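Chemist: To start, I am sharing the structure in question, which I have written as structure tokens.
The values are calculated or read from the model by the stated rules, or taken from the named source; none is laboratory data. Note that the coordinates shown come from a computational prediction; the quantities given were computed from them, not determined experimentally. Don't worry about glycine lacking a Cβ; one is built from the backbone with ideal geometry, like all the others, and counts go over all protein chains shown. Surface accessibility is based on the protein's heavy atoms, side chains included, excluding ligands, DNA and RNA. Shrake-Rupley method; radii C 1.70, N 1.55, O 1.52, S 1.80 Å.
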Amino acid sequence: MERNLKNVLVISFGFLLLFTAYGGLQSLQSSLNSEEGLGVASLSVLYAALILSSMFLPPILIKKLGCKWTIAISMCCYIAFSLGNFYASWYTLIPTSVILGLGGAPLWSAKCTYLTIAGTSYAEKAGKNAKDIINQYFGVFFLVFQSSGIWGNLISSLILSQSSTKANISEEDLGCCGAYNCLTDTSNTTGSAKPSNSLIYTLLGVYTASGVLAVLLVIIFLDQIKSDQAETEKEKLEAPSFWSTFLATFRHLKDKRQCLLIPLTMYSGFEQGFLSGDYTKVYVTCALGIQYVGYVMICFAAVNSLCSLLFGKISQFTGRKFLFALATVTNTACIIALLLWKPHPKQLAVFFVFPALWGLSDAVWQTQTNGLYGILFEKHKEAAFANYRLWESLGFVIAFGYSTKLQAYIKLYILLSVLVLSMVTYGAVEYLEARSSPGTPTAAKKENGGPHSQETHM
């Protein structure tokens with residue numbers, strides 16, 4: 001096997017193992033650690049730490065340690081979070097959430113840097129276009145990585161379904177489920193009785209082992225980048241200082257279009273936060289039981305992946321405006337339906353319809369918003385995508401932060417309000433673009449292209 005491709009596969013399967021554990025654990029936080037809102041509080045802290053990490057840590061660690069060891073050490077931060085869940089308390093989960101958040105940004109930055117260097121290196125040897133090879137490598141990575149959402153949730157559902165404490169849920173208890181949920185710990189009052197400690201420890205043991213395997217895979221099989229390549233990359237990293245990058249991020253807010261895109265970018269964090277923090281708890285866990293959370297999130301992950309691929313292909317024919325309109329209508333319909341629907345175990349199929357439609361919408365928010373940033377801010381990509389990470393992460397922080405303080409219907413109204421605001425400001429961006437380059441072929445061509453990234457899922 002060609003050596004660079006082997007390294008791409010090692011990184012891809014390392015991330016697959018790591019995010020099989022993290023993805024499954026994130027989906028369960030609001031249900032597994034529901035006491036005093038500990039689970040969602042830990043996720044809010046995690047994304048707050050990720051914001052800080054994105055601003056400062058990646059260039060420092062990659063420069064000092066190189067890509068391979070930055071990836072390995074950052075992966076250990078994710079394992080710390082799994083270990084913190086063994087004895088979940090404010091003294092264990094919050095510090096390990098901070099550690100994971102700090103490791104998140106260097107992990108993704110080092111991965112991008114490594115794949116870019118590997119692609120460039122191979123292209124030079126083979127006399128091919130570097131951009132094409134890099135795109136191929138990223139394609140291989142995401143093909144493998146995207147399935148982590150399926151495996152992590154499948155493991156959790158298979159293990160937690162072994163629980164013998166499946167209580168019958170009374171109609172009175174079901175009244176505490178859904179949009180007008182009781183602001184009490186519903187997991188203690190309904191059929192979503194917490195699984196036994198032995199099952200939880202088994203699940204956490206599998207997740208921790210998966211993370212350890214990921215680290216070992218990288219340490220043993222991933223090649224160090226050749227010194228001359230590494231030095232070249234270090235020079236690139238040194239070129240803009242941390243403070244200049246940090247200031248450039250906020251200086252970029254002088255661009256009116258960037259300011260107008262803030263609601264849309266934050267909405268991406270809000271909607272993902274609602275699905276994983278609220279839908280899983282007050283609809284699925286409350287009415288069906290915690291063992292169904294994994295199956296529901298598998299549905300979301302599978303539809304999201306398929307639609308991301310599909311929309312990437314058809315966007316050149318439909319344009320981004322049509323896809324944004326499709327996502328808006330779909331998400332709005334889901335929000336209104338969730339406000340009206342009273343979840344009941346007899347309506348099992350309905351529990352899967354919502355995450356499927358949510359996955360379709362999220363595929364648009366992820367692919368098209370990333371693409372829009374790449375197109376609008378082509379000359380200032382670094383500052384633009386730093387803003388993207390900042391505002392989306394802030395959306396997550398807020399969504400998880402108020403998760404235990406408000407009833408679900410209030411959160412759904414907030415979600416709908418932010419969505420409407422997002423579409424108004426997005427429309428203003430399209431208007432400004434059309435006015436600045438009316439009828440030019442370049443503008444039409446630009447509308448259909450753009451890089452697609454799933455890295456916002458951490």
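Chemist: Checking Ala72 against (1) open to solvent by 20 Å² or more (accessible area, probe 1.4 Å); (2) within 27 Å of Tyr201 (Cα to Cα): exactly one of these is not met. Which one?
Modeler: (1)
Chemist: State all residues of segment 109-120 that are hydrophobic (A, V, I, L, M, F, W, C) and surrounded by 22 or more Cβ atoms within 10 Å (Cβ to Cβ); if no residue qualifies, say none.
Modeler: Ala110, Leu115, Ala118
Chemist: Return only the number of the condition from (1) touching a Cys at 6+ places or on another chain (Cβ under 7 Å); (2) modelled with pLDDT under 85; (3) closer than 30 Å to Arg3 by Cβ that Cys176 does not satisfy.
Modeler: Condition (3) is where Cys176 drops out.
Chemist: Which count do you get for residues in segment 76-92 that are part of a helix (DSSP H, G or I), among the hydrophobic types (A, V, I, L, M, F, W, C) and either under 24 Å from Trp391 (Cα atoms) or open to solvent by 60 Å² or more (accessible area, probe 1.4 Å) (or both)?
Modeler: The number of residues fulfilling the criteria is 5.
Chemist: Quickly run through segment 34-60 and pick out the residues that are open to solvent by less than 30 Å² (accessible area, probe 1.4 Å) and either outside the structural domain of Trp108 (by the TED database) or at positive phi (or both).
Modeler: Across segment 34-60, the qualifying residue is only Gly37.
Chemist: Here's a check for you: in segment 345-356, which residue that is in contact (Cβ under 8 Å) with a residue 40 or more places away in the chain and among the hydrophobic types (A, V, I, L, M, F, W, C) is farthest from Cys307 (Cα to Cα)?
Modeler: Here the residue is Leu348.
Chemist: Any idea how many residues of segment 271-324 are surrounded by 20 or more Cβ atoms within 10 Å (Cβ to Cβ), among the polar types (S, T, N, Q) and over 20 Å from Leu25 (Cβ atoms)?
Modeler: 2
Chemist: Let me ask another. From (1) touching a Cys at 6+ places or on another chain (Cβ under 7 Å); (2) part of a helix (DSSP H, G or I); (3) crowded, with 18+ Cβ neighbours inside 10 Å, pick out the condition that doesn't hold for Pro343.
Modeler: Single failed check for Pro343: (2).
Chemist: I'm trying to understand the selection: among the residues of segment 135-149, which are open to solvent by less than 30 Å² (accessible area, probe 1.4 Å) and farther than 26 Å from Gly294 by Cα?
Modeler: Tyr137
Chemist: Among (1) assigned to a helix (DSSP H, G or I); (2) open to solvent by less than 50 Å² (accessible area, probe 1.4 Å); (3) more than 23 Å from Ala105 (Cβ to Cβ), which single condition is Ser393 missing?
Modeler: Only one criterion in (1) assigned to a helix (DSSP H, G or I); (2) open to solvent by less than 50 Å² (accessible area, probe 1.4 Å); (3) more than 23 Å from Ala105 (Cβ to Cβ) is unmet by Ser393, namely (3).
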